[in-house]
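The values are calculated or read from the model by the stated rules, or taken from the named source; none is laboratory data. All values derive from a computational prediction rather than experimental measurement. In this analysis, Cβ positions are derived from the backbone assuming ideal geometry, glycine residues included, and neighbour counts consider all displayed protein chains.
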Amino acid sequence: MSAPSTGPAPGPGPGPATVPTPVRMPRSAFERSFFGRLLRNPVGFLGFVLAVFVILAAALGPLLSPHDPLAQSIRERFQGPSAAHWLGTDNFGRDTLARILHGYRTSIGVSLGAVGIATMVGAVLGLLAAFFGGWIDRIIMRLMDVLLAFPIILLAIAVLAVLGPGSFNTGLAIGIVYTPIFARLARAPALTVLNWDYVSAARALGSSPARILARHVTPNVLAPIMVQVTLSLSTAILVEASLSFLGLGTQPPTPSLGLMLSESRNTMLLSPWVSVFSGLAILLASLGFNLFGDGLRDLLDPTLRDA
Amino acid sequence: MAQYVVRRVLDLLFVLFGVSLLIFLMVRFIPGDAVAIMLGANTDITPDRVENLRRQLGLHLPIHEQYWQWLSGVLRGDLGNSIWTGRPVTQEIGARLPVTLEITGLSLLFAVVAAVPLGVLAARARGTWGDLVVRVMAIAGLTLPSFWVGVLLLYFFSIYLPTWPAIGYVPFTQDPLGNLARLALPVVAVSLPMVAGLTRILRSSLLEVLNSDFVRTARSKGASERAVLYKHAMRNAMIPVITVIGVQVGYLLSGVVVIEQVFAIPGVGRLIIGAINERNYPLVQGVVLIVTAVFVVVNMLVDLAYAWIDPRVEYA
């Protein structure tokens with residue numbers, strides 16, 4: 001893993017290396033729209049589909065779920081994939097698909113909450129630092145430097161050691177860990193925008209700091225933040241799964257992907273299916289947001305956009 | 001350069017000061033009476049023991065004096081004693097840290113050794129199926145949960161290679177081969193995402209460099225493709241790779257903390273999880289402090305090395 005922006009290449013995106021055609025037909029309105037451009041980036045589109053799929057699974061999981069994720073059935077335990085249990089059953093005979101759908105609910109819920117906290121708190125801190133400058137800027141950004149100094153997992157573990165385990169605290173811990181990323185991300189472009197003429201004009205007209213930040217600065221820093229939100233979701237899913245795997249995150253019997261993987265290790269030699277599918281579920285969710293974030297960056301970066 | 005080094009060292013000291021303050025305050029943030037929680041699992045709690053521990057942790061002093069006492073202890077290499085074993089925290093960590101650092105170092109080595117040929121292959125074979133395979137693997141590998149890979153490796157080795165010593169740890173000095181054999185699986189599991197990340201960056205930076213003017217000049221003066229690649233292009237293409245290595249060391253360290261749990265390796269990861277479960281806060285504080293300090297120093301060294309390698313880095 002790399003920096004909470006899962007360190008994708010700072011070069012050309014993952015688009016196919018085609019030779020540009022000499023004559024280009026003018027793009028239709030649909031082709032120039034957001035989705036039209038997304039469709040022409042197959043990898044980003046795949047990420048978008050995966051991310052939507054995972055979010056739907058998290059939101060509708062309990063409705064789609066073929067079985068009760070907590071219902072035990074000793075006679076049906078350790079089954080492989082079958083028509084009745086698409087992804088098999090675990091050591092208590094619980095349906096793996098049902099548990100994964102409910103696990104997505106926890107994983108995605110915690111990750112969305114964590115990145116939401118980090119975005120709100122981080123962006124506000126970054127904007128305030130840029131706007132006021134001076135000692136306010138220095139104090140905020142120094143605090144952010146200190147938070148960034150910790151290895152990610154270790155800081156999350158330390159926060160959970162204080163707060164105690166559980167889904168809510170895990171979200172809070174990951175949120176604290178990711179806050180400095182958003183503070184830095186919001187501050188840098190805000191500093192540039194605050195120097196532009198129209199912002200000076202707004203100031204001269206007597207706009208309040210809150211209005212300047214909300215109306216004039218925020219729209220200009222939104223694109224990189226949206227990209228970072230998507231990429232951070234990708235790593236937050238992995239961090240949440242790691243923490244649950246370590247026993248510090250979501251507590252049983254609530255289904256959680258990291259916890260499922262951890263519990264299934266003990267009975268793996270009898271049936272590896274729960275381990276295989278719960279890990280695959282983590283990978284797909286994280287991969288989806290990562291690819292989508294990459295595609296989003298290509299789309300939102302005007303320097304890469306074709307007319 | 002000298003000025004840059006001094007500035008970086010001052011930054012580092014400031015960050016470490018902030019880190020120490022946060023770690024010190026950590027125990028004070030625990031909701032409720034920390035001492036009662038720490039002793040919670042014990043059956044023979046007497047008011048005497050509570051008072052003793054309170055004094056041992058310095059909790060009877062005003063908070064700034066507590067911090068001063070704790071910090072001066074840390075600077076003298078005294079991180080307090082483990083609540084359960086009574087052994088000095090530094091001793092407990094000293095026994096575990098080399099294990100974690102060994103896995104991290106081996107993983108870094110493995111990632112670079114695997115990523116360089118893959119990146120070169122993908123860049124040279126641009127547009128072919130070989131390039132496509134490497135690129136797809138590099139994208140998918142980036143988000144591979146290393147603990148999952150570890151669990152699967154453990155499963156396959158216990159079924160198909162049951163004689164392989166897949167679990168546990170032997171010190172290198174005791175049994176070098178046994179040490180490397182036991183660390184092979186965790187190292188592969190932890191470094192795969194980094195292999196993917198480095199391959200991807202090397203490919204794109206190599207492609208960019210191979211399109212630049214000086215490479216065209218080298219080709220036109222008749223240099224062999226090999227010489228162009230290794231003498232001219234590679235050195236420039238490695239610069240972004242080195243930056244990413246610096247960033248990723250932290251992720252590697254995080255991965256190692258988790259993978260130790262999978263392979264029952266006695267490193268700091270297992271130490272801190274155990275310490276949290278038994279509410280051994282001095283030990284938790286000590287691990288977080290030491291590992292973060294190591295991490296911060298390594299990051300600074302990478303930055304300095306980077307400035308030294310690439311003359312274009314500004315020391316501003």
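Kindly establish whether residue B:199 is closer than 26 Å to residue B:105 by Cα and of a type outside the set (Gly, Ala, Ser).
So residue B:199 fits the description; yes.
Looking at segment A:166-187, is at least one residue surrounded by fewer than 16 Cβ atoms within 10 Å (Cβ to Cβ), part of a helix (DSSP H, G or I), free of Cβ contacts under 8 Å to residues at least 60 places away in the same chain and away from chain B (no Cβ under 11 Å)?
For segment A:166-187, residues surrounded by fewer than 16 Cβ atoms within 10 Å (Cβ to Cβ), part of a helix (DSSP H, G or I), free of Cβ contacts under 8 Å to residues at least 60 places away in the same chain and away from chain B (no Cβ under 11 Å): present.
Has segment B:257-272 got any residue that is modelled with pLDDT under 80 and assigned to a helix (DSSP H, G or I)?
no
Could you look through segment A:247-265, keep only residues that are closer than 13 Å to residue A:277 by Cβ and at pLDDT 85 or above, and pick out the one that is surrounded by the fewest Cβ atoms within 10 Å (Cβ to Cβ)?
The residue in question is A:261.
Go through B:245, B:239, B:259 for me and flag whichever is among the hydrophobic types (A, V, I, L, M, F, W, C), within 30 Å of residue B:153 (Cβ to Cβ) and out of contact with any helix residue (DSSP H, G or I) (no Cβ under 6 Å at 6 or more places or on another chain). Walk me through it before giving the result.
On the way: B:239 fails: within 30 Å of residue B:153 (Cβ to Cβ); B:259 fails: out of contact with any helix residue (DSSP H, G or I) (no Cβ under 6 Å at 6 or more places or on another chain).
The conditions single out B:245.
Considering only residues that are surrounded by fewer than 13 Cβ atoms within 10 Å (Cβ to Cβ) and not aliphatic (A, V, I, L, M), look in segment B:300-316 and name the one that is modelled with the highest pLDDT.
Only one residue tops the list, namely B:308.
Of A:161, A:156, which residue is at pLDDT 85 or above, within 22 Å of residue B:253 (Cβ to Cβ) and over 22 Å from the mean Cα position of the chain (by Cα)?
A:161
Going by what's in this entry, would residue B:223 be described as in contact with a helix residue (DSSP H, G or I) (Cβ under 8 Å, 6 or more places away or on another chain), within 12 Å of another protein chain (Cβ to nearest Cβ) and surrounded by 15 or more Cβ atoms within 10 Å (Cβ to Cβ)? I'd like the intermediate steps shown before the answer.
Working: in contact with a helix residue (DSSP H, G or I) (Cβ under 8 Å, 6 or more places away or on another chain): yes; within 12 Å of another protein chain (Cβ to nearest Cβ): no; surrounded by 15 or more Cβ atoms within 10 Å (Cβ to Cβ): yes.
For residue B:223, the condition - in contact with a helix residue (DSSP H, G or I) (Cβ under 8 Å, 6 or more places away or on another chain), within 12 Å of another protein chain (Cβ to nearest Cβ) and surrounded by 15 or more Cβ atoms within 10 Å (Cβ to Cβ) - is not met.
Can you give me the number of residues within segment A:266-286 that are buried (at least 24 other Cβ atoms within 10 Å of the Cβ) and touching a residue at least 60 places away in the same chain (Cβ under 8 Å)?
Counting residues in segment A:266-286 that are buried (at least 24 other Cβ atoms within 10 Å of the Cβ) and touching a residue at least 60 places away in the same chain (Cβ under 8 Å) gives 5.
Of the conditions (1) within 14 Å of another protein chain (Cβ to nearest Cβ); (2) at pLDDT 90 or above; (3) under 30 Å from residue B:233 (Cβ atoms), residue B:113 satisfies every one except a single condition; which number is it?
(1)
Among the residues of segment B:248-278, which ones are within 7 Å of chain A (Cβ to nearest Cβ) and either of a type in the set (A, V, I, L, M) or more than 11 Å from the chain's Cα centre (by Cα) (or both)?
Hits for segment B:248-278 are B:253, B:257, B:258, B:261, B:272, B:273, B:276.
Hey, among the residues in segment B:154-177 that are assigned to a helix (DSSP H, G or I) and touching a Phe, Trp or Tyr at 6+ places or on another chain (Cβ under 9 Å), which one's surrounded by the most Cβ atoms within 10 Å (Cβ to Cβ)?
Going through the qualifying residues, I end up with B:154.
Scan segment A:248-259 and give yes if some residue there is touching a His at 6+ places or on another chain (Cβ under 6 Å) and more than 12 Å from chain B (Cβ to nearest Cβ), otherwise no.
Yes: one or more hits.
Given the conditions (1) within 25 Å of the chain's Cα centre (by Cα); (2) crowded, with 20+ Cβ neighbours inside 10 Å, report the number of the one that residue A:300 does not fulfil.
(2)
Of all residues being without any contact (Cβ under 8 Å) to a residue 12 or more places away in the chain and assigned to a helix (DSSP H, G or I) in segment A:144-160, which is surrounded by the most Cβ atoms within 10 Å (Cβ to Cβ)? Just the residue, please.
A:158
Right, residue B:239: of a type outside the set (Ser, Thr, Tyr), over 10 Å from the mean Cα position of the chain (by Cα) and not in a helix (DSSP H, G or I) or not?
When the stated conditions are applied, residue B:239 does not pass them.
Name the residue that is nearest to the other protein chains (Cβ to nearest Cβ), counting only residues in segment A:283-297 that are of a type in the set (A, V, I, L, M, F, W, C) and out of contact with any Pro (no Cβ under 7 Å at 6 or more places or on another chain). First the steps, then the outcome.
Pass one, segment A:283-297, residues of a type in the set (A, V, I, L, M, F, W, C): A:283-285, A:287, A:289, A:291-292, A:296.
Those left that are additionally out of contact with any Pro (no Cβ under 7 Å at 6 or more places or on another chain): A:284-285, A:287, A:289, A:291-292, A:296.
On the way: A:284: 9, A:285: 9, A:287: 5, A:289: 8, A:291: 7, A:292: 12, A:296: 15 Å.
Here the residue is A:287.
Quick check: anything in segment B:191-204 in contact with a Pro (Cβ under 9 Å, 6 or more places away or on another chain) and either among the aromatic types (Phe, Trp, Tyr) or more than 14 Å from chain A (Cβ to nearest Cβ) (or both)?
no
What residue, of B:243, B:292, is buried (at least 21 other Cβ atoms within 10 Å of the Cβ) and β-branched (Val, Ile, Thr)?
It is B:292.
So, of the residues in segment A:266-278 that are more than 9 Å from chain B (Cβ to nearest Cβ) and at pLDDT below 85, which turns out to be nearest to residue A:82 (Cα to Cα)?
Taking the candidates together, the pick is A:273.
Restricting the first residue to segment B:76-96 and requiring it to be modelled with pLDDT under 85, which pairs with a second residue that is acidic (Asp, Glu) meet a Cβ separation below 7 Å and a spacing of at least six or different chains?
Taking only residues 6 or more apart or on different chains, the pairs are B:82/B:92; B:84/B:278.
Quick check on this structure: which one of A:58, A:98 is part of a helix (DSSP H, G or I), modelled with pLDDT under 80, within 13 Å of residue A:255 (Cα to Cα) and touching a Gly at 6+ places or on another chain (Cβ under 9 Å)?
A:98
In this structure, is residue A:149 touching a Ser or Thr at 6+ places or on another chain (Cβ under 7 Å) and within 14 Å of chain B (Cβ to nearest Cβ)?
Taking the combined requirement at face value, the residue satisfies it.
If residue B:109 satisfies every condition in (1) touching a Ser or Thr at 6+ places or on another chain (Cβ under 9 Å); (2) surrounded by 15 or more Cβ atoms within 10 Å (Cβ to Cβ) but one, which is the exception?
Result: residue B:109 passes all but (2).
Filter segment B:62-121 for residues that are of a type in the set (Asp, Glu) and closer than 22 Å to residue B:257 by Cβ and give the result.
B:92, B:102
So that you can scan it fast, the table gives a plain yes or no per residue for (1) more than 30 Å from residue A:266 (Cα to Cα); (2) modelled with pLDDT of 90 or more; (3) more than 14 Å from every other protein chain (Cβ to nearest Cβ):
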position	(1), (2), (3)
B:177	no, no, yes
B:180	no, no, yes
B:187	no, yes, yes
B:206	yes, no, no
B:228	yes, no, yes
